[in-house]
Amino acid sequence: MMILKNIENFVKILLEKTEGKKIHLVSHFDTDGITSAAIFSKTLERLNKQFSLKILKQLTEEEINLFPKDKAIILLDLGSNSLEPLSKLDTEVFIIDHHEIDFKPFDNLHIFNPHLFEEYENLCGAELAFLISKNISEENKSLAYLAVIGMVGDTMEKNITKTRNSILKETKIKIKKGLLIYPSTRPLDKALEYNSHPFIPGVTGDSKGTYELLREANIEKINKKYKALIDLSEPEMKSLVTAVMLRLSSKEKKSNYIGNLYLIKFFNKIEDAREISAMINACSRMDQSGIALMLCLGNNSARKKAEKVYVKYRQAIISGLKYIDKSKKIQGREFVIIHGKDKIKDTIIGTLTSILSFSSTYPDGTILISMTYTDNEQIKISARISGRKETNRNLKELMDSIVYSIGGESGGHKMAAGCTIKKENENKFIELIKKKLEFELIKV
Ligand SMILES: [Mn+2]
């Protein structure tokens, strides 16, 4: 198998070139990056290798120049976009990443990226890290649960590829097909009523409708409490799904409602991988990636701390939405510009803009542009399309064109993109984006 040959070669070079050397691990701050870092930390620890670790929001040239000169560098879930600056380092660099890559060979760079495999497979960073880790030692099979959490974090759970399937088989993970409401570990009546996505007409936000649905599905209370979704038997799950399907109109996509739940044994309890992933993500976005990492590795005190940070994160989301609701906005005919100033963290502005784009606050097709200050004299910008409606606009191209004119870094895709610019370019940015969006309106 081609992928296996790639892994074997990569591992051989990795072990040879890091022999007797210290290692500097660098990873991305989202769930996929944190789980990748957890897998590699454990792997290096088991090899008795000395290493340091850094978690980054973004890999910039400044960060690259701060890398220690005397250590081999291992990059996880990032690096594919920075081959040129990385090639200038006077040390061996290993890139384990799944982002698109514009490949050029450099002597000191060793790259493991599925875009370079003979046959591309859509794997996440944590899965790649796990494949390598397992090839280093069979003992590391025990880390497969982290690969699955990372995969759910990067929302690849609907796409079970060949290698993903083989990873899933190696874990003690239970896959349960059924309704995708969230959270799935709370009593069903609460989960259905307060569930934020997907929206079930006549049930979400409606307690009477919720009890009617449960009655119709023949799900009864046990000891005065409803079971959680993850505890339902197969026939119970089936009848619940049927009752929900009856409430959907033809507009709603069934695939948003039915799918696989990944149930992981975590701290001796069965948990929904989506919830662990959300907790890791929350910690990182609240500047606590250290807690997120220790949580991944099963540290008890980290678990308690993570729960607290998760509560704070949810509060930050709610107060952020309230702030946006009251704030002054620049409103165009088909766009709106939102400014979080120093009231909204740069790490949650994207999430807030996504929530707004899924709500009915703005008409479908409205372009939402949110900006907020970072703690290092920059502005983080997020762009989304309300209703996630397919239009002929491409937000990635829009962000790229901004950065092309006034500098900065951009990324994302057609429906969701973002960029970071210098704070001094704030007014230039507003004028430019207004001009572009108004101009495009005429063009359309
Ligand atoms: Mn990733």
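Go through the residues of the stretch 124-140 one by one and say whether even a single one is within 16 Å of the ligand (Cβ to nearest atom), assigned by TED's automatic domain parsing to the domain that holds GLN50 and not in a helix (DSSP H, G or I). Yes: one or more hits. Is it true that some residue in the stretch 155-175 is on the phi > 0 side of the Ramachandran plot and among the hydroxyl-bearing types (Ser, Thr, Tyr)? Yes: one or more hits. Once the stretch 46-71 is narrowed to residues that are among the hydrophobic types (A, V, I, L, M, F, W, C) and part of a loop (DSSP other than H, G, I, E, B), the residue that is surrounded by the fewest Cβ atoms within 10 Å (Cβ to Cβ) is LEU66. When the stretch 251-264 is filtered for residues that are among the polar types (S, T, N, Q) and over 15 Å from ILE200 (Cβ atoms), only ASN260 remains. Residues of the stretch 72-110 that are within 16 Å of the ligand (Cβ to nearest atom) and either not assigned by TED's automatic domain parsing to the domain that holds LEU56 or not aliphatic (A, V, I, L, M) (or both): ASP77, GLY79, SER80, ASN81, SER82, ASP97, HIS98, HIS99, GLU100. Of the residues making up the stretch 380-425, those that are of a type in the set (Lys, Arg), modelled with pLDDT of 95 or more and under 15 Å from THR353 (Cβ atoms) are LYS380, ARG384. Cβ-Cβ contacts under 6 Å between residues 6 or more apart (or on different chains), taken from a first residue in the stretch 78-92 that is closer than 13 Å to HIS24 by Cβ to a second residue that is assigned to a loop (DSSP other than H, G, I, E, B), are listed as GLY79/ASP97; GLU92/ASN108. A single entry from THR35, THR43, THR18 fulfils the requirement of being within 16 Å of the ligand (Cβ to nearest atom), of a type in the set (S, T, N, Q) and at pLDDT 95 or above: THR35.
Here's the yes/no breakdown for (1) at pLDDT below 95; (2) surrounded by fewer than 17 Cβ atoms within 10 Å (Cβ to Cβ); (3) touching a Phe, Trp or Tyr at 6+ places or on another chain (Cβ under 8 Å):
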{"site": "ASN140", "(1), (2), (3)": "no, no, yes"}
{"site": "ALA147", "(1), (2), (3)": "no, no, yes"}
{"site": "ASN165", "(1), (2), (3)": "yes, yes, no"}
{"site": "LYS172", "(1), (2), (3)": "yes, yes, yes"}
{"site": "LYS177", "(1), (2), (3)": "yes, yes, no"}
{"site": "ILE181", "(1), (2), (3)": "yes, no, no"}
{"site": "THR185", "(1), (2), (3)": "yes, no, no"}
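When we screen LYS5, LYS57, LYS12 for residues that are more than 15 Å from the ligand (Cβ to nearest atom) and within 20 Å of CYS124 (Cα to Cα), the only hit is LYS5. Residue-level check: of (1) under 26 Å from THR420 (Cα atoms); (2) touching a residue at least 24 places away in the same chain (Cβ under 8 Å), ILE95 misses just (2).
One line per residue, one yes/no per condition, for (1) out of contact with any Gly (no Cβ under 9 Å at 6 or more places or on another chain); (2) under 28 Å from PHE29 (Cβ atoms):
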| site | (1), (2) |
| --- | --- |
| GLU121 | yes, yes |
| GLU138 | yes, no |
| THR171 | yes, yes |
| LYS174 | yes, no |
| ARG186 | yes, yes |
| PHE199 | no, no |
| GLY209 | no, no |
| LEU213 | no, no |
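Does MET151 count as assigned to a loop (DSSP other than H, G, I, E, B) and within 16 Å of the ligand (Cβ to nearest atom)? No.
The values are calculated or read from the model by the stated rules, or taken from the named source; none is laboratory data. Since we're looking at a predicted model, the values are computed, not measured. Cβ sites come from the backbone with ideal geometry, for glycine too, and all protein chains shown count toward neighbours.
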